[in-house]
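In what follows, a structure is listed as structure tokens, so that the remarks can point back to it.
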Amino acid sequence: MVSSTIFLAAFGGLVTHSLAQSLSDSVNAEVTVSSAATSLILSASPASSGSATSSASSPVTQISDGQIQSPAYSTPSPNGTLSATPGVVPSNATTTVDAAAASISPNGGILSIAPNSTTPDVSKLATQNECKALIDYQLPSKNSIPSNFNFSGNVRTYYVAAEEVAWDYAPSGWDNWLGVPVQNSPHAIAAGYLNITGSLGTSNWGLGGWQKAVYKGYTDDSFTTQSEQPATNGINGPILRGEVGDMIQIMFVNNLKDHYSSMHSMGLYYGKQYEGSLYPNTTSGETPKVQEQDAVPPGGCAVYKWLISDSQAPAPGQSSRLWSYHSFVNMPADTSAGLSGPIIVYNSGEMNSTMSAHREFVVTTNTHYEARSFMAGENAKNAGVDTSTMRATNQLVRPFIGNESFWVPQLANFPAIQLSDAQGPNFYTMNGYVFGNGAPYEMCRDDPVIWYVMAFGGASHVFHLHGNNFQYNDIWQASQSINAGEMFTFNMNAQLPGVWQLLCHVSSHNLFGMQQNYVVHGTEVDGQTCPLPPLTAKLAGSP
Ligand SMILES: [Cu+2]
């Protein structure tokens, strides 16, 4: 089915709308299905077994809420640069890149004309100065404003970059669930993280980590100082916050070397120009254009304006709730690479009071498919896997013949090398860590706690806490199932002190390392003193 669809597209020339749609579907399917149309064959070569990392570090480190442990995060972070505008000034500002070859066929389908290069025309990219100018604190034009949006006058500004990092899923070097080095862990072996000949597995543990793409927050448009994020935030992009009635405006810079990226909001409202998701749709009958916001090329930038209407409000009786964002050029590849992050929405006027009265924690469950990440080629090179079949930078995957004029960015975000699932480990993570390697979530007995829990990837999970129950929809729960793309907000009062487990209760996922710890420090009730700054001292603007 897949290969026959491609065959038709290759020789048909004119592709009808329905066929173009099935073609786009088949292109997506091509990533995950090994088909006859794919001629790439990977030769296995022995991977270094590496040596066991024996330097132990404590599985539970002391952190103070709101205090940043990494020297990389050293400056205060505002909840966006907050500005109030006196009135509503429509703006039609947008940045587009012409996709010269994209056009509508007479029957409304999309004509397939295929340029052979993904290299963006640098002369057409928005410059950073142009993007800076689009951060204008003005509401978007009417067709980007939902009917139930009542502007508070507050505009929150964020500066976000997509960057490549070396990521370590277990920075302590230990399986903290078993108390053994990762290299000796039966869990890690069972999960396929280690010792698979010809895989990306073992070698990357000893080479400074996996090449990932992540969002980083910055304090201003110079993109020189990273915004402060809680140590528990892990691989998540910066926490974006706003209140009902606010506009969030984001200057986004794509600093990835070879790949496109975008910011697509899950839950906040946006007009078409701020959707951050690439597909050729138009309701006006005009020739669709590839907006730069929908697939920001390497070195490019874009501005997004998202609105928080009544449809994003917290549940009745609650003061906050979770939404999210992620890159949606090639979603499976983008989110496996690491491009996702949280948005927390508060009732109007309740952000600071809620933040200073609660410990707030983000938990992202994600299955990072390293074979499907668009960074798989980089990891293959580092791991010594045979890369003779890897396509060159900016070279399209030739077996995939289709309407490349529009889909070039999505094609470019396919992994550059064809790997089997077994060759690319699938890390079952919480905030990008396995085997209890993330910074523990810390609180004092009786602290009100809000858990913001979401899922990306390809599995359903069951969020479960030991030691304390949490409330969801006014019902006390010990566990709650969560599927990819879902976002939950749970409230808890820390009733019992101790170091407790926080895990996915799907047994195979637990085996594969989807676990973390949280710490409830004792108080005078327990003859102890909680080492954390009291909640009342938690400054508005801290994570
Ligand atoms: Cu799970």
Note, ³J(HN,Hα) from phi for segment 254-262, Karplus 6.51, -1.76, 1.60, rounded to Hz, x at Gly and Pro:
9, 9, 6, 6, 10, 10, 7, 7, 8
In what order do THR335, THR219 fall by count of nearby beta-carbon atoms within 10 Å, going from fewest to most?
THR219, THR335
For segment 267-380, state the average projected area of the convex hull of the C-alpha atoms over all orientations, rounded to one decimal in nm².
10.1 nm²
Looking at this model, which pairs from LYS142/LYS212; LYS132/LYS381; LYS132/LYS257; LYS272/LYS381; LYS142/LYS257 are more than 32 angstrom apart at the alpha-carbon?
LYS142/LYS212; LYS132/LYS381; LYS272/LYS381; LYS142/LYS257
Would you order VAL449, VAL165, VAL434, VAL296 from fewest to most other beta-carbon atoms within 10 Å of each residue's own beta-carbon?
VAL165, VAL449, VAL434, VAL296
Most exposed first by the Cβ proxy, i.e. fewest other Cβ within 10 Å, how do SER324, SER261, SER348 rank?
SER348, SER324, SER261
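No lab work stands behind these numbers, since they all come straight from the coordinates. Since this is a predicted model, take the numbers as computed values, not measurements. All Cβ positions, glycine included, derive from the backbone under ideal geometry; neighbour counts span all protein chains shown.
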